[in-house]
1. Rounded to the nearest percent, how much of the accessible area of the stretch 176-318 (1.4 Å probe, protein heavy atoms only) is carbon and sulfur?
2. Take D318 and S127, extend 7 Å from each Cα along the Cα→Cβ direction, and tell me the distance between the two endpoints in nm.
3. Each label point is 7 Å from the Cα along the Cα-to-Cβ direction; what then is the distance between the points at K171 and W147, in nm?
4. Rounded to a whole number of µm²/s, how large is the Stokes-Einstein D of the chain at 37 °C and 0.692 mPa s, given Rh as the Kirkwood radius over C-alpha pairs?
5. Please give me the summed charge of the neighbours of N143: other residues whose Cβ is under 14 Å from its Cβ, Lys and Arg +1, Asp and Glu -1.
6. Run the quick spin-label model on R291 and D21: label points 7 Å from Cα toward the beta carbon, then report their separation in nm to one decimal.
7. State which entries of K236/K320; K95/K148; K24/K95; K59/K236; K148/K220; K70/K266 exceed 28 angstrom in Cα-Cα distance in the structure shown.
8. Placing +1 at every Lys and Arg Cβ and -1 at every Asp and Glu Cβ, with all other atoms neutral, what dipole size does the stretch 41-125 have around its Cα centre, in debye to the nearest 20?
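The values are calculated or read from the model by the stated rules, or taken from the named source; none is laboratory data. Source: prediction; values computed, not measured. So basically every Cβ, Gly included, is an ideal-geometry build from the backbone, and we count neighbours across all protein chains shown. SASA here: full protein model, heavy atoms, side chains in, ligands and nucleic acids out. Shrake-Rupley method; radii C 1.70, N 1.55, O 1.52, S 1.80 Å.
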Amino acid sequence: MTGMICGTGSYVPDNILDNHDIAKLVETSDEWIRERTGVVKRHIIGNETTVSMAAEAGKRALEDAKVDAKDVDMILVSTISSDVILPCAACKVQKILGAERAVCFDLNAACSGFIFAYNTALAYLASGMCRTILVIGSESLSNLINWKDRGTCILFGDGAGAAVVKACEGKNYQIAAHSDGAKGEALTCPGGHVKGWQQMPEEDRYMKMDGRGVFQFAVKRVPEAIREVLEINRLKIADIDYFILHQANRRIVEAVAKRLGVEIEKFPMNLQEYGNTSSASIPILLDELRRSRVLQPGHRIVLAGFGAGLSWGADIIDWKI
Ligand code: ACO
């Protein structure tokens, strides 16, 4: 038994912040941001919240899969930017969708979050403990950003993506998933969760990043994970139609393609429109590729995520819808 994605959905706020808007907040320029990151604009929450975006993306995925919310066995929300610590975002999504039977919990693996949540769903499906799981990545990163730090505020955006994964007969691909807590200081956000945070200087509460360190980590570890997942499943790079990477930075995606010796056309990107939406980036891109019919039944794709933790991983999926 394995899992099959049978529907996708996404939601991004209407409110747009482009590079020119950011250049009014910090010393930067449209040209610098485009050249170093590929990002042109990002969508930022207005009245939305992480939960409301997750619920809308989840609803759209259920509609796409033609699955009734009452038939969902589990809701998994991957997020680092939930509205509140308790209750978890997944339980709030359950209430909005009316998915009464579902077991619900959140998962935090930063920008690897959707990959790790999808892997968790696969494990529940393979064991027979669940038949239908709604996996969601939803982020309001604008709440975690220090809008005075030009090293980070240019990169991130808000949004949500979701996939309905159902149990089915089929090939059970092995996964590649890794963490390295020893390098965790490269990307941190204490938020209001630590003792004495009220006394912390404001800038220390928000996301902090060693940009160059994260860049070097990503361009090394992502190709390694992709090679690993291909090797353990006895596949070759030529067997893959598309490589769908976490949308952090155009230069990272280009460097991964180059290291693998694969043409860049096989690495779809939408980061120019949304920036880095952490655990929402892969499911938003999947949904766009599905709805634009770029992804077709019979395609074999690789998903690869990387981010804080540090954490990284890759999956192979036989696309069937
Ligand atoms: N505008 C203008 N100048 C800037 C900006 C900015 N927004 N940010 C930094 N600079 C300056 C620096 O001050 C520095 O100036 P100096 O040479 O006078 O000291 C110069 O530009 C170069 O700075 P670097 O930090 O070396 O610039 P780099 O080319 O590394 O680009 C960036 C920075 C875009 C952050 C890059 O390191 C990057 O993309 N890293 C990966 C970040 C990432 O993807 N993180 C998320 C992944 S994990 C997750 O998704 C949670």
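1. 48 percent
2. Result: 2.4 nm between the two label points.
3. A separation of 4.8 nm, rounded to one decimal place.
4. Answer, rounded: 168 µm²/s.
5. Result for the neighbourhood of N143: -3.
6. 2.0 nm
7. Numbers: K236/K320 20 Å; K95/K148 37 Å; K24/K95 40 Å; K59/K236 36 Å; K148/K220 30 Å; K70/K266 37 Å.
Cα-Cα > 28 Å for K95/K148; K24/K95; K59/K236; K148/K220; K70/K266; rest within.
8. Working: 9 positive and 10 negative charges, 37 e Å.
Rounded to the nearest 20 debye, it is 180 debye.
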